[in-house]
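Take a look at the structure below.
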Amino acid sequence: MPGNAGERRRTRSDLRLVHIALALCLAFTVLGARLWELQVHEGAEYRGKSESNRLRIQRLESPRGVVYARHADDLDVVLADNRPARDLMVVPADITIDDDELCRRLEEIVGIDGDGLLATIQKARKAREPFKQLLIRADVPTAVSARVDEYGALLPGVFTVVRPIRRYVYGETAGQILGYLGEVNTKELREKDSDYQMGDLIGRAGVESLYEDELHGKDGRMLVTKFAAGTPQIRTDPYGKPYVENLVDSYGHSLRVEEEIRQPVPGKSVHLTLDIGLQAKAEALLEGETGAIVALNADTGAVLALASSPGYDPTVFVTRSGNRERLDILRGKPNRMMHRAYQEVYPPGSVFKVLLAAAALEEGVIDADTTHYCPGKFRITPNGRAWHCWNRSGHGDVNVVDALAFSCDVFFYHVGLELGVDRITKWAHKLGLGEQTGLDLPGEVSGLIPSRDWKENRLRPQHPNEPWEYRWYPGDTVNLAIGQGAAATTPLQNALLISAIVNGGYRVQPHVNRETPAAKSQRLLSDRTIGLIRAGLTKCVEKGPPAPTGTGHEAYMEGWHILGKTGSAQNVSLAHQEDYENEEDIPKELRDHAWFVAGVLDREPPLAICVLVEHGHHGGAAAAPLARDLIAYFYDEWAPVEMRLARNRGEPQ
Amino acid sequence: MRRGRGLGAANIRAFSLWNLRRLDWALLGLVFVLAFIGFAVLYSANRSVSVSTPYYAKQATFFVFGCFVALLIACLDYRFIVSLGPMIYVVFLGLLSAVLAVGHVAKGGRRWLDLGIVGFQPSEYTKLAVIIMLAWYFAKIGRRIQRFPYFVLTFVIIAAPGALIFKQPDLGTALTLGPIAVAMLYAAGCRTRHLIICALLGAAAVPVAWGHLEDYQRERVMTIINPSADPQGSGYHTIQSMITVGSGGLNGKGYMQGTQTYLSYLPEHHTDFIFSLLAEEFGFVGSCIVLALFLVLLLRGLQIARGASEAGGTLLGTGVVTLLSFHVFVNIAITIGLLPVTGIPLPFLSYGGSFYLTTMTSIGLLLSVNARKGLFEFSARPPALVPVR
């Protein structure tokens, strides 16, 4: 029965085809289910991924804040700002003439290497990125960019992109205070907010570093669609603002700006108390020397000049090509990175006698009439070691005024022993020696005024083999009394000390930022103390005859009421110096550091000055003239506007 | 002579325009709809690429040419085609060998024969040659397929071209032959238990095959297991394709609004990953409509196979439907991250002339089988499909 058999066959084979059809349906169901999972169930997530694929946040860098100093009394002077750096670029797609011809013309007009550029252009063309902006030359001088503008028609495809670059208007002047910029490192990238990117510049020292957060500002941004390959190519107008129309990427895809552009917020300005004239003068005075000058407004603590020599020009750290110069600065001897006014310590030497006199008068150990006989040397016990006065022939009977004026060591040996180390350190602490002054600049060092506690609890544990060496001996007090031994202070601390004498007994808070509120301590010194010390310091700068000549007479100026105190800080053992017959024969690196602290009483604002010249030998000879010149400059040549006006009107000053 | 008797070539009027009056308009309608969708999607894909002739225009040329070929084949008596099976098979073995010897190297494989103006990719059409060969073979042996040696011989038949294609290397195409053989065996009435044994052997052979894969092929398999291990490397396609499909959501981003494809995050989006573009722009709804169209087309193909008057037609139809099904399933499964990335184009949508021709030839074969439906119902011989006990 073929028919029957045929029927059966049909059914069987049909069944198998139905199986295949079912398998097919099953397979398509799997596809549908997976599509449901991807598109509906996880659709939002994938939509987000596609958005982040598509959108690129194009950063618009914020211009860094401006740093101002003062000019005279009331003018702001720009110390650091941003200038537009013009980068010369070319877009191969826009070159309407022969590539080679363009390169020749650029060679002639701009003076670049035409062959190198030609290779770069051809490389971009080969990579099918004709819209890539190729750098011809970074930061071209204005003359060159003007020439390019002039010959614009001959240079199709060439244009400039403007970006802000840090400018230090006065170069090396106040350079160390401003600090410098360096590329942000990975650790900082992790710690700082996302505003920083690899390659960004960040403050590395001084004001730039301390006020980084204020100066940095807030970057703007724009959101653009981005193709998988290619990078957005953004042009800027002459002010550095990005063009939005005709935005393309390196392959020439036109890109769309997706979000209203958020313009960058420039960094905040920082206003310094520095007087640019005084700062420049102070630096000029130190020219060729190693040392520091501090000038404070004694009433407010505002730092008017903070000079250190040798210094550096922070511009070197901004330009990309200054590697050799940077290395010179970073490795040079003497150290140019360190600010000697507050980042380095020296024994205060005789300057410390001002503190000792103040402490002794306040503690009642001496009064105006107390005298000690100075035979030129001093012994604690009759047969003990002899401490010499700098004047080996002795000063005879001296009171506190004369002791300060002639810097009699023996007088202060006596006073020191009577005061005792504990009271000395107490007053050093009160007047701000041997500890950080709280200056608003990074990296301030504290220095040290040795104390019983320091020697017995700090030093002794470090030397377990000879504990007897680390007790406080009376001899230590004698050394400390004239600012030697372990005593170490910064020039800034000494300026603080003299400013207390100038302002009538207050400790002020030194500061360079005008925003920092002027802070003043309780009155620490009585009128009587102030009067006596002022008398001594006045006598110190007096020039005879007829008056006896003080150690600081080099700072004397007719008709000025100047306070001064000299100091010589031994930096090596005296024994080394004694090998030499004449002072002039002592090699420079063995000579004492020269100190001079000075104050001006009868002028406004009252200045407190501290000058340190490394290896200057005698404060009176090496440092005092600098202080005198600075004072004369400040009040005469660079007189604050108000004062000059008053003088012109013939009013009394 | 209009009504043929048996399979003897002499009895067949090989070419007859009369067939055109018996076209399956349902099938053709589906083909036109899918082809139209293909042009539309390619038009969108063309946005991001600047080429002298846009893809959709070229694709239209391929379609017109394909239609011509399909109708030509529809006019042929499929029994005549099946009878040529052994000859076609041998010719293609020769062509594949020639490719290995003197072929043109492109994209890491030796797949093209340079024929002057046009490149010719024999492996593409080998799939069809194997289908015809198998249809001839199964029709020839009839119920003997239930015997194991005949069953095994099937695999010998596909192994020869398979190995040659694998050597090129073109893993995707080589793998197509497997499902075709299995589906045709099943339709031809082989014993199910033979198929199960075969599947077990196949599973056992996986480790051996793994050793013979090229490094890039292994990498692709590995990335399907964990695509995020190397998101910029071999996992890139899979991840970007999944993002593209997924970001389409329920309703899609809108025609010509796709960003993933437009912004070139997904390479090859006009060829192997065209479905991603469709899914991105038309969403779940659009993808499912296209899936449904494909399913209806394939089921219609199976119906035609089922309606064939004798075994050769059924087998030919089954083979062709399996080929198209494999391409649709695997291609879409790749774009949605279910299978490793392999070059398997999607019929009607993926840009490309060779595969369009394969597709339209398959459609032509189905039309041809359909045209002969019910014409030799009375014929007792040869006995077509054998009852399965």
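The values are calculated or read from the model by the stated rules, or taken from the named source; none is laboratory data. Fair warning: this is a prediction, and the values are worked out from it, not measured in the lab. All Cβ positions, even for glycine, are placed from backbone atoms using ideal geometry, and neighbour counts span all protein chains on display.
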Among the residues of the stretch A:330-347, is there at least one that is of a type outside the set (A, V, I, L, M), free of Cβ contacts under 8 Å to residues at least 60 places away in the same chain and touching a Cys at 6+ places or on another chain (Cβ under 9 Å)?
-> no
Can you spot a residue in the stretch A:393-402 that is touching a strand residue (DSSP E or B) at 6+ places or on another chain (Cβ under 8 Å), more than 23 Å from A:Trp595 (Cα to Cα) and among the acidic types (Asp, Glu)?
-> yes
Identity of the residue in the stretch A:258-267, buried (at least 16 other Cβ atoms within 10 Å of the Cβ) and touching an Asp or Glu at 6+ places or on another chain (Cβ under 9 Å), that ends up modelled with the highest pLDDT = A:Gly267
Do we find that A:Arg64 is surrounded by 15 or more Cβ atoms within 10 Å (Cβ to Cβ), modelled with pLDDT of 85 or more and assigned to a loop (DSSP other than H, G, I, E, B) in this structure?
-> yes
Looking only at the stretch B:297-329, which residues are of a type in the set (Val, Ile, Thr) and facing chain A (nearest Cβ under 10 Å)?
-> B:Thr314, B:Thr318, B:Val321, B:Thr322, B:Val328
Among helices (runs of 4 or more DSSP H) completely within the stretch A:154-233, the ones holding 1 or more residues that are free of Cβ contacts under 8 Å to residues at least 40 places away in the same chain are A:186-191, A:212-216
Can you work out which of the residues in the stretch B:253-291 that are part of a helix (DSSP H, G or I) and among the aliphatic types (A, V, I, L, M) is farthest from the other protein chains (Cβ to nearest Cβ)?
-> B:Ile274
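Quick check on A:Ala85: is it touching a Pro at 6+ places or on another chain (Cβ under 8 Å), in a helix (DSSP H, G or I), at pLDDT below 90 and among the small types (Gly, Ala, Ser)?
So A:Ala85 fails the test.
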Hits in the stretch A:48-60 (condition: surrounded by fewer than 17 Cβ atoms within 10 Å (Cβ to Cβ) and touching a Gly at 6+ places or on another chain (Cβ under 8 Å)) = A:Arg59
Expected single match for part of a strand (DSSP E or B) and hydrophobic (A, V, I, L, M, F, W, C) among A:Ala33, A:Ala44, A:Ala69, A:Ala93 is A:Ala69
Residues satisfying the stated conditions in the stretch A:229-264, i.e. within 22 Å of A:Ile121 (Cα to Cα), facing chain B (nearest Cβ under 10 Å) and aliphatic (A, V, I, L, M) = A:Ala229
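Return the total of residues in the stretch B:240-252 being facing chain A (nearest Cβ under 9 Å), over 10 Å from B:Leu278 (Cα atoms) and not hydrophobic (A, V, I, L, M, F, W, C). I'd like the intermediate steps shown before the answer.
Within the stretch B:240-252, the subset facing chain A (nearest Cβ under 9 Å) is B:240, B:242-250, B:252.
Filter once more, keeping what is over 10 Å from B:Leu278 (Cα atoms): B:240, B:242-243, B:246-247, B:249-250.
Right, trim to not hydrophobic (A, V, I, L, M, F, W, C) and you get B:240, B:246-247, B:249.
Residues meeting the conditions: 4.
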Looking at A:Arg379, A:Arg340, A:Arg385, which one is modelled with pLDDT of 90 or more and among the charged types (D, E, K, R)?
-> A:Arg340
Some residue of the stretch B:244-264 being closer than 27 Å to B:Pro122 by Cβ and at pLDDT 80 or above = no
Can you name the residue in the stretch B:339-355 that is at pLDDT below 90 and more than 23 Å from B:Ile81 (Cβ to Cβ) and, of all such residues, is farthest from the other protein chains (Cβ to nearest Cβ)?
-> B:Gly352
How many of the residues in the stretch A:11-59 are in contact (Cβ under 8 Å) with a residue 40 or more places away in the chain and either at the interface with chain B (Cβ under 7 Å from one of its Cβ atoms) or hydrophobic (A, V, I, L, M, F, W, C) (or both)?
-> 4
Hey, among B:Ile157, B:Ile145, which residue is touching a Phe, Trp or Tyr at 6+ places or on another chain (Cβ under 8 Å), modelled with pLDDT of 90 or more and under 22 Å from B:Leu365 (Cβ atoms)?
-> B:Ile157
